[in-house]
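Notes to accompany the following structure.
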Amino acid sequence: MVDKKIGKVFPSIDTEERLLVLARLRGLFLAGVALVVTVSAAPAANASTSGDVPTEAKVVKVVSGGPPSAEAVTPEEYAQLAERAGDPLSTQERERAIAAAGCWSEHTWYEGQNAYGGAIWRYNQEVGWCGDGMTITATNKISTWGSTYVPGWNYKGETNRNVSYGVGWNIWEVRTQGQFCLVEYFNCIQQANVSIFQQAQADGGLYWETSG
């Protein structure tokens with residue numbers, strides 16, 4: 001029966017040639033099946049949407065915090081704040097701190113959390129300053145840093161800084177921005193650009209806010 005059907009399809013070739021043609025056709029068929037399977041699987045293999053982010057790595061809410069008032073520090077502790085910021089006090093800045101009526105420091109943070117309430121990343125900003133009650137007499141160097149707590153999230157660093165007023169004024173304002181990125185291959189599939197604003201006052205008062 002098989003030879004008879006082959007004879008009808010290929011009436012002018014012998015049995016050996018028929019088998020060779022069938023083998024070639026079978027190879028073409030299998031190659032076609034493999035191509036269809038590869039094309040169908042490709043989109044799933046390359047998919048990288050926010051829907052693929054694990055629940056524990058997905059930011060669903062943000063919280064911020066800081067002390068209700070600035071912390072009084074000695075001139076020596078104020079100098080240590082500058083050391084931690086990577087820019088030690090100059091002789092003039094140190095003399096201003098010693099002569100000031102008071103010096104203060106304050107640390108504000110902004111944190112992204114997942115659906116379980118676990119921290120994913122945290123952005124921090126710390127400032128220190130001195131005043132005589134009427135004017136700012138010394139402003140410390142500003143420290144910012146980021147922490148990540150879930151694999152895949154990276155802190156990309158401080159991306160913007162704006163400082164205004166300061167020595168000789170009754171306030172000193174600092175606003176910085178930091179960036180976090182959930183990396184897949186070479187792209188961010190989720191990212192956060194967060195900002196912290198602090199307003200230091202000559203009498204040790206402080207106002208802060210966060211956004212992002």
Of the residues that make up region 114-131, is at least one within 20 Å of the chain's Cα centre (by Cα) and β-branched (V, I, T)? yes
Here is a check on your reading of the model: is Q199 touching a Cys at 6+ places or on another chain (Cβ under 9 Å) and either free of Cβ contacts under 8 Å to residues at least 40 places away in the same chain or not hydrophobic (A, V, I, L, M, F, W, C) (or both)? no
Just to check your reading of the model, which residue among N193, N160 is more than 25 Å from T139 (Cβ to Cβ), open to solvent by 40 Å² or more (accessible area, probe 1.4 Å), part of a strand (DSSP E or B) and modelled with pLDDT of 95 or more? N193
Which residues, counting only those in region 130-157, are aliphatic (A, V, I, L, M) and either more than 19 Å from R84 (Cα to Cα) or not in a strand (DSSP E or B) (or both)? M134, I136, I142, V150
Please tell me if S211 is buried (at least 18 other Cβ atoms within 10 Å of the Cβ), of a type in the set (S, T, Y) and touching a strand residue (DSSP E or B) at 6+ places or on another chain (Cβ under 9 Å). no
Open to solvent by 60 Å² or more (accessible area, probe 1.4 Å), out of contact with any Gly (no Cβ under 8 Å at 6 or more places or on another chain), at pLDDT below 90 and assigned to a loop (DSSP other than H, G, I, E, B), is that true of P43? no
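Condition check ((1) surrounded by 19 or more Cβ atoms within 10 Å (Cβ to Cβ); (2) more than 33 Å from the chain's Cα centre (by Cα); (3) modelled with pLDDT under 90; (4) over 13 Å from V127 (Cα atoms)) across all residues:
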{"position": "K61", "(1), (2), (3), (4)": "no, no, no, yes"}
{"position": "G65", "(1), (2), (3), (4)": "no, no, no, yes"}
{"position": "A72", "(1), (2), (3), (4)": "no, no, no, no"}
{"position": "E76", "(1), (2), (3), (4)": "no, yes, no, yes"}
{"position": "Q80", "(1), (2), (3), (4)": "no, no, no, no"}
{"position": "D87", "(1), (2), (3), (4)": "no, no, yes, no"}
{"position": "T91", "(1), (2), (3), (4)": "no, yes, no, yes"}
{"position": "A101", "(1), (2), (3), (4)": "no, yes, no, yes"}
{"position": "W104", "(1), (2), (3), (4)": "yes, no, no, no"}
Answer yes if at least one residue in region 52-63 is assigned to a strand (DSSP E or B), in contact with an Asp or Glu (Cβ under 8 Å, 6 or more places away or on another chain) and within 19 Å of G178 (Cβ to Cβ), and no otherwise. yes
Going by what's in this entry, would Q199 be described as in a strand (DSSP E or B), closer than 19 Å to V73 by Cβ, open to solvent by 20 Å² or more (accessible area, probe 1.4 Å) and not small (G, A, S)? yes
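The values are calculated or read from the model by the stated rules, or taken from the named source; none is laboratory data. Just so it is clear, the structure is predicted and the values come from calculations on it, not from any experiment. Every residue, glycine among them, receives a Cβ derived from its backbone with ideal geometry; neighbour counts consider all protein chains shown. For the accessible areas, the whole protein counts, side chains as well, though only heavy atoms, and no ligand, DNA or RNA atoms are used. Shrake-Rupley method; radii C 1.70, N 1.55, O 1.52, S 1.80 Å.
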